[in-house]
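Laboratory data are not the source of any read-out in this text; all were calculated from the coordinates shown. Predicted, not measured: the structure shown is a model, and the values here were computed from it. Cβ: placed from backbone, ideal geometry, glycine included. Neighbour counts: every protein chain shown.
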Amino acid sequence: MVKDLIKLKPLKTWKNYYKQRGMSPWYDIIDWVGGYPFEVAKPEKIFNFFYKRNFELIKLKTCGGGHGCNEFVFIKKH
C-alpha cells in the first residue's frame with residue numbers, strides 16, 4: 001500500500017487483492033494477526049516427533065530458506 005501511495009494510486013493493491021490472492025484482504029489481516037504468537041520448529045524436530053509415533057513422511061514442500069511455511073504430509077504406519 002505504501003508503493004501505491006508513492007505511485008499516486010492509493011488503495012490499488014487493496015482493491016485488486018481478491019484477484020491476486022483469492023481471499024478478502026480484511027480476512028487475510030484477521031488471519032495474519034490471529035496467527036501471532038506462533039512457535040517455530042526445525043524440520044528435524046517435526047520428523048522426530050512423528051517418527052516416534054510411527055508415522056512416515058510421504059511428502060515435503062519447503063520454502064527454500066525464504067519466507068513461508070514448510071509443509072509436511074505424514075501417514076501412520078501399520
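Looking only at the stretch 60-72, decide whether some residue is surrounded by fewer than 11 Cβ atoms within 10 Å (Cβ to Cβ), outside any loop (DSSP other than H, G, I, E, B) and not acidic (Asp, Glu). No. Return a yes/no flag: does the stretch 49-56 have any residue that is assigned to a strand (DSSP E or B) and under 16 Å from Phe72 (Cα atoms). Looking for residues that are assigned to a strand (DSSP E or B) and under 16 Å from Phe72 (Cα atoms), one finds at least one in the stretch 49-56, hence yes. Of all residues in the stretch 52-78, those that are in contact (Cβ under 8 Å) with a residue 24 or more places away in the chain have Cβ atoms under 6 Å from Cβ atoms of residues that are of a type in the set (Phe, Trp, Tyr), 6 or more apart or on another chain, in Phe74/Phe50; Phe74/Phe55.
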